[in-house]
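Q: First, the structure itself, so that you have it in front of you.
The values are calculated or read from the model by the stated rules, or taken from the named source; none is laboratory data. Here the structure is a predicted model, which means the values were calculated and not measured. Neighbour counts run over all protein chains shown; Cβ positions are idealised from the backbone, glycine included.
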Amino acid sequence: MIDSLEYMSLDEALQFVPVKPTVAISILLPWRKPATLHSEIDPVLRLYFEDAVKGVISSDVGVFTKAQAHQVLGFVRVHHERPEPRHLLIHCESGISSSAAVAVFAARECRIPLTGQFASLNSRVLGMLMLVKAGYQAI
């Protein structure tokens, strides 16, 4: 089960050394190479999109998609259903918008308290995750 989580910037994630079994969601810009996280962090769900809300960039190319929201929900649920405790690390480029939105969602899904600054939370990402979760519940 996921019993703890945290979100951070790419720079912080590159320096992160796990103290217990850790899985991760790595969020980078579409043109970036995969982040080289600590070798004990496994598995890593790698997502690539721009940290923008619909309408702020010139097109929807590179924004968070419904398919990616399904990937996040599936990843969180699979690891939360496993019996052994694990930590969930979530990072994005700056650690304040996309990763914060995914962290808020994952904390709710796993019923884990979460503290932090959420003023810059990416509402498109959180909204898409909530929409996908609602779709799962309706089935």
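Q: Quick check on region 98-122: of everything there that is part of a loop (DSSP other than H, G, I, E, B) and of a type in the set (Val, Ile, Thr), which residue is nearest to Gln68 (Cα to Cα)?
A: Ile112
Q: Would you confirm whether or not region 65-77 contains a residue that is in a loop (DSSP other than H, G, I, E, B), in contact with a helix residue (DSSP H, G or I) (Cβ under 8 Å, 6 or more places away or on another chain), modelled with pLDDT under 95 and on the phi < 0 side of the Ramachandran plot?
A: yes
Q: Please identify the pairs in which a residue from region 76-90 that is over 18 Å from Val17 (Cβ atoms) has its Cβ atom under 8 Å from the Cβ atom of a residue that is of a type in the set (Phe, Trp, Tyr), counting only partners at least 6 apart or on another chain.
A: Hits for this filter: Val76/Phe105.
Q: Quick check on my filter: what residues within region 24-48 are within 19 Å of Ser98 (Cα to Cα) and assigned to a strand (DSSP E or B)?
A: Hits for region 24-48 are Ala24, Ile25, Ser26, Ile27, Leu28, Val44, Leu45, Arg46, Leu47, Tyr48.
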